[in-house]
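Visitor: Take this structure first; my questions come after.
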Amino acid sequence: MTQSCIEQLDRIESMAVYQVPERVLLALLVFAADIGVSRADGATRIAPHTHEMIAEYVGTSREIVTNEMNRLRTLGLVNYSRKFIDVYPVAIVEEFRRRTIPLPRGIISRFDHAQ
């Protein structure tokens, strides 16, 4: 129950603190931690999620998520098809650090190895 409360607090905080691009990245990190399977290349593979579902999760439109996912693919932070989404958690954490954007405490605890 405590973990669930922390996750809900992180989601509420992210809506107030982070811009849409950061919220999309945070959502992908959460999905990777919760339902992902680690791969040899450093990716964490998750089942495909529609851009509409991700948009509802982060509180934006599908079109914005589509643009952001394309941008993230270009940056090498994700790779996706209709069959999967590969998330690169270490690269995403480093992107947050590079941009000097603090990560929520719930995300930090899930990716201690990326610290």
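Visitor: Scan segment 46-61 for residues that are exposed (fewer than 13 other Cβ atoms within 10 Å of the Cβ) and in contact (Cβ under 8 Å) with a residue 40 or more places away in the chain and jot them down.
Guide: Hit for segment 46-61 is Gly59, nothing else.
Visitor: Cβ contacts < 9 Å: first residue at positive phi, restricted to segment 69-80; second residue modelled with pLDDT under 95 and surrounded by 13 or more Cβ atoms within 10 Å (Cβ to Cβ), any location; separation 6+ or different chain. Result?
Guide: Close Cβ pairs satisfying both conditions: Gly76/Ala91.
Visitor: What single numbered condition from (1) exposed (fewer than 15 other Cβ atoms within 10 Å of the Cβ); (2) modelled with pLDDT under 95; (3) under 22 Å from Ile12 (Cα atoms) fails to hold for Arg82?
Guide: Of the numbered conditions (1) exposed (fewer than 15 other Cβ atoms within 10 Å of the Cβ); (2) modelled with pLDDT under 95; (3) under 22 Å from Ile12 (Cα atoms), the odd one out for Arg82 is (3).
Table: residues versus (1) at pLDDT 95 or above; (2) surrounded by 13 or more Cβ atoms within 10 Å (Cβ to Cβ).
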position: Gln8; (1), (2): no, no
position: Leu25; (1), (2): no, yes
position: Thr44; (1), (2): yes, yes
position: Glu63; (1), (2): yes, no
position: Met69; (1), (2): yes, yes
position: Leu75; (1), (2): yes, no
position: Val78; (1), (2): yes, yes
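Visitor: Ok, one more. Is at least one residue of segment 89-100 closer than 16 Å to Arg23 by Cβ, hydrophobic (A, V, I, L, M, F, W, C), open to solvent by 40 Å² or more (accessible area, probe 1.4 Å) and touching a residue at least 12 places away in the same chain (Cβ under 8 Å)?
Guide: The answer is no; no qualifying residue exists.
The values are calculated or read from the model by the stated rules, or taken from the named source; none is laboratory data. Owing to the predicted nature of the structure, the values given are computational and were not obtained by experimental measurement. So basically every Cβ, Gly included, is an ideal-geometry build from the backbone, and we count neighbours across all protein chains shown. To get the accessible areas, we keep the full protein, side chains included, count just its heavy atoms, and leave off ligands, DNA and RNA. Shrake-Rupley method; radii C 1.70, N 1.55, O 1.52, S 1.80 Å.
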